[in-house]
Structure formats: C-alpha cells, structure tokens
Amino acid sequence: MIDLSVDIAGVRLANPLVTASGTCGYADEYADLLDLRQLGGFFTKSITQKPRQGNEYPRIVETRAGMLNAIGLANIGLEAFVRDKAPLLRQLGIPVFVNVAGVQIEDYVAVAGRLDELDAVRGIELNISCPNVKEGGIQFGTDATQVHKIVSAVRAVCRKNVLVVKLSPNVTDITVTARAAVEAGADALSMINTFTAMAIDIESRRPILANRTGGLSGPAIRPIAVYMVHRVYTQVAKAAGVPIIGMGGIQFAHDAIEFLLAGATGLAVGTALFIDPGGVLGIRDGIADYLRRHGHTSIKEIIGTLQT
Amino acid sequence: MAVPTTKSKGIFTAGVLANRPACADHFALLLRLAEFPPTQPGQFVNIRCGRVEPILKPTEFEWRPGSLPPPHQPETVGRQPLLRRPISLAGRRDLDDGVELEIIHRVVGVGTAWLAGLKAGEPVDILGPLGQGFRPVDRPLAAVVGGGSGIPPMLYLAEALAAAGKKVVAFAGARSGASLPLTIGAHDLPSQAGWPTLCTAEFAARGAATVITTDDGSLGFPGLVSQALQGWIERSSVAQGELAVYACGPNPMMQAVAGLCLPAGIPCQLSLERHMACGLGACQGCVCKVKDDSPQGWKYKLVCKDGPVFDVGEICW
C-alpha cells in the first residue's frame, strides 16, 4: 500500500492533489465529471469582500501549450459565499481552502477574519498575485516589504485557519518574496500564479484580451514553475519547514512528479481541469505507480529529493 | 434503446462513423456512442481535438536514470490544441444499441483541422452535452435562421420543431454558395427572390423549405440572411402572432435578427458563440451581458452554462 498522504501545516491531505484556485469555481461545476472527494483538498475561486463582475469579454485566449486569462476576479462576494457556497463545501469531506483577494490590506483582513469563523474552511490562500486587475493584489505580491506587511496583518486574524500565501512569478527573484512571506508567518506557500502576458490580433493590431494583458497558464509555464519551486524549496522553505503547494502546467503524472522532486508537498491542477476534469485522478494513480516502481512506500520519501 | 446514462453530462469516447466535407469549409462528422445523455437542439459538446489516450502514462515507459525523456512527451508532439473545441450538435439519432451524433463544423484552426482529418473507426473524446438549448415557443410557425457555422444546429432544431408539429421555414446564409454546408437542389432550386423552396436535402428531409442567401450572390438570394427573413415576413401572409424565430450565426446577423423581432414582438431565441475553456461554468471566460434590474442595467451570464441560447430580450448588444 502506497501512502500518498501529505501534511500542509497540520492539515492532512489524503493525497497531494488539489484544485488550483479559479479553475474549479466553488465545487459545483464539476459535479458530474470529477468526484472531488478523491482529491487531497479543494481551493476555491477568489473571494473578495464585495461581489465583482469581472472584466469585459474576451477574457481568455488559447496560446501554444497554454492559455491567457483575464477574468478579473469575478466572484459572488464574501457574504454570498458564506451563505450559499460554504454549506456545500462543508459536505465535500476534504479540506477546503478559500482563496482571498482584495484591494487594500483591510479587505484581506476582513475576509480572512470572517472565514476564520467558518467550520467549513480549513485554510485560506492569500492571493497577492492576480495579474488581471489593477488593484488585484499583485502590487502586494511583487514587493517584499508589502508581502511582509499584508501577510503579518492577515496572520493576526488566522487563528484556526492555515495561511497559505500564493506567490507571483512576476518578480526578479522569487526567493525574496517567498522569504518575506515566511518571515511574516505564512504556514505554506503556493506557487506559482500566472505570468503576465499578452496575445495580439495582428490584423487589428490590438491585444486580443479586453483587459489587454492576461495571466499565462498551462504546460507552457511548467518548466519555469518547477525551477521556481526548486529555488524556493532549497533557499527558503526547506530550512523554514514551510511546505510548498506546487503548480503551473501540471497535466500528467510526470509533471506532478517533477514538482515533488523539486520540493513541492502539495500539487495543484488548474488549466488541465478545463480539458480533462477526471485526469487529475489519473495523475494521482500515476504518482502511486511511480513510487511503487521505485520501491517507495510513502510519497514523503521523494519530496525535495532532486539530485543536483 | 441503449441504457440511458444517469448523468446529465460526462466525458465519452465516441467512434467516428463517417467524416466528409460538407462544403468548401465545413466538415460533417458522424459519431457513434454506446450511450449519451438526453440532448436538446442548441446544446453543444466540447471536443478534445487530440489523441484520446493520455499521451504520457507513467506505466507506458521506463524512466531510465540519466536518460532524456522519451520523444512522445506532450510538449514535443507538435501542434495540438490545448483546450477543447465547443461545437453545437447538428443532429442526434437514438438506436437500439447506441446513439449517433452529428457535428458539422467549419475548419478554422488547428483543432477543427484535426477533426477534419479523423477517419472512420477512430476515437474522439467528447464532453457534453453542455449548455441550455432552444426552448420551443408555442407558435405554429417557426423560422430557423442560420449564418455560416450557425446553420448546423438549425438542422437539429428544425427536426425537433417538425416533430413537435410546427411548420418550419429555414433561412441559411453563407459568404458564397461554396461555403454552404448543405446539399443543394434536392427538389427545387434556391429562389433568387428569397422565397422558401425545397432546395436543400437536409432541411427538406425535415419537412422544411429553405431560403438560401449568399453575400456574393453566387447562390439564392443575394444579400444577408436577415434581409431575406425581413422580406419574407413582410411579403408573406404570415400572421405575426403565429411566428417564432430561432437563430444562430455571427453577431451582426444576430443583431439584425434581434432588431427585426424585438420591435415586432416576435418571440425569438438566439444562440451565441464565445471563446471558452471549460464549457462548464468554471473558467468564467465566455461572458455575455444580459439585462437586469441593477443600477447599471446589466449583469454577466455565461454562454456555456446559462446559454448558449438566450431570449432576444435578455441580450445587451
């Protein structure tokens, strides 16, 4: 029997696979296609204090081996989430993490504080890295001083909830912001969010997305994400004992194992859910096969074992 | 009858029965499945335009320490689209031991080109059925209006309306006669005056006379399909209380049809097209503005989940 369970700051996940925020709504969209209870955990779409309608259309465009999105944090808002979605998430039976976004530090604190009162929620994921709205948090996520400030403020209201900080790759050196998050009290790091990017309609000579830029996700970003996880693991997270939830283009078991070897404890699947919702369970089974083939009995035996 | 699946939607592996060019730029793909949930005209499927089997199964090869990854790594497989391609159903037939689905699509890029290359017997991975289809209105006469790749879903709709006892008249517009995914000249020839005739095999088989329009005037009525619709409504003795209009096509066409039906009080449903990733309501990519009573007067709905078919009065253009 292979033990696939992992521990994210005291929250046990039956396996490392979780949904990447924003790709799985609030869990009801995939009901017929994927038994979410088979996953290790569930990360919701971003919640802000007030509802947001999001950006104009077009919001997504496919690129080679990836896609750009600029949804603009469209969401139902905190109160509707607490009233309508939290009861359903409670029935999921797997740890639920709520992604939190905002404009000002007070917004984050207010939402995180309210979520700390909910039994349905085990942790929050601090979105300080959305590239798609001017005030979507990325101004916090790309400056180490700001990272420290916002993580400290939210840390103070996370008494029960685990605090996961989602890092932006749109920085010169991701270990700097990672270190700031850890020093400010992050329980775990999730990495990476999307890369700010652009696609152009060459006939009209205009950006395709209404927002002009979007976040690049999918297989195209995986090698960069793996590298960033490796750097943060070896230079910050390992010594601090802070687990990493790795993500960026995971589509097959092979991809997931790369992240594990690079130092990720959790694994989030995002863009691939759009294509093959059930494929995430294939990734889980593929990891077990790999462990069996290499004579391991627990997934923990391979995390961060990259030979360099 | 095949045992019906209990889920309202799912991922199914279909087998290709036939795949043929329907005109210069459309392909007609006939798929066979052991089972498929109930469908409505106007609903769509999201098709994975690539190999059905996961390209990389860890059990399929050995990772030899120190060796480079095998050449069938997903990144090295050449240009396959990442996302699925949403395409409306053009027809469905329930058989004793399975279901046949017809999909007629315009070849516009790598995904649809892959579909066009499928051969009989090959598998296709389809996710569906998705979205909310047309909701037939209680009017005895139905005009089904399709422009370009919006024509195929009208075949499925015409069949359902005819089966429900409605008299159906079809309007099909294309850039030129060569781009029209219909078989011309079954019984009659298309009318240049924009009069319905039994001129297409596909609609005639569903009991519907058709008005063909082309932008370049190479076939049928020279002009826009919306102009032909307008002319027919004005010239024929159609009592407007009897007519309902259903349409799918490019945005300008839909806007023109809306501009015709809304002021006249003709019930009208439009099937919209948007780029989308998941087709399930999760990615939130395929928004359209619909009227509501908020201060700003509109809100976003999702074409994949709330649509693709909307009532003409809902849509903010």
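The values are calculated or read from the model by the stated rules, or taken from the named source; none is laboratory data. Remember, predicted model here, so these are calculated numbers, not experimental data. Every residue, glycine among them, receives a Cβ derived from its backbone with ideal geometry; neighbour counts consider all protein chains shown. Protein only, heavy atoms only, side chains kept; ligands, DNA and RNA dropped before computing areas. Shrake-Rupley method; radii C 1.70, N 1.55, O 1.52, S 1.80 Å.
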Search result, residues across the stretch B:125-147 that are over 24 Å from B:F12 (Cα atoms) and either assigned to a strand (DSSP E or B) or touching a helix residue (DSSP H, G or I) at 6+ places or on another chain (Cβ under 7 Å) (or both): B:P136, B:R139, B:P140, B:L141, B:A142, B:A143, B:V144, B:V145, B:G146, B:G147
Answer residue from the stretch A:87-134, given it is within 15 Å of A:L36 (Cα to Cα) and part of a helix (DSSP H, G or I) and is least open to solvent (accessible area, probe 1.4 Å) among those: A:L89
Filtering the stretch B:23-50 down to residues that are among the hydrophobic types (A, V, I, L, M, F, W, C), within 17 Å of the chain's Cα centre (by Cα) and open to solvent by 20 Å² or more (accessible area, probe 1.4 Å) yields B:C23, B:F27, B:L30
Which one is most open to solvent (accessible area, probe 1.4 Å), of the residues in the stretch A:227-258 that are in a helix (DSSP H, G or I) and within 14 Å of chain B (Cβ to nearest Cβ)? A:E258
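Sort out for me the strands (runs of 3 or more DSSP E) sitting completely within the stretch B:249-305 that have 2 or more residues that are over 19 Å from B:S226 (Cβ atoms) and either modelled with pLDDT of 95 or more or outside the structural domain of B:F171 (by TED's automatic domain parsing) (or both).
Details: elements: B:268-271, B:287-291, B:298-302.
Here the list reads B:287-291, B:298-302.
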Residues located in the stretch A:156-200, provided they are part of a strand (DSSP E or B) and either open to solvent by less than 60 Å² (accessible area, probe 1.4 Å) or touching a residue at least 60 places away in the same chain (Cβ under 8 Å) (or both): A:V162, A:L163, A:V164, A:V165, A:K166, A:A188, A:L189, A:S190, A:M191, A:F195, A:T196, A:A197
Just to be sure before I move on: is A:E56 assigned to a loop (DSSP other than H, G, I, E, B) and farther than 24 Å from A:T196 by Cβ in the structure I sent? no
A:C130 versus (1) at pLDDT below 95; (2) at positive phi: which is the lone unmet condition? (2)
Scan B:A186, B:A178 and give me the residue that is at pLDDT 95 or above and open to solvent by 40 Å² or more (accessible area, probe 1.4 Å). B:A178
Taking only the stretch A:177-226 into account, find how many residues are β-branched (V, I, T), within 14 Å of chain B (Cβ to nearest Cβ) and closer than 18 Å to A:E62 by Cβ. 3
When the stretch B:282-296 is examined, which residues are found to be touching an Asp or Glu at 6+ places or on another chain (Cβ under 7 Å) and at the interface with chain A (Cβ under 7 Å from one of its Cβ atoms)? B:A282
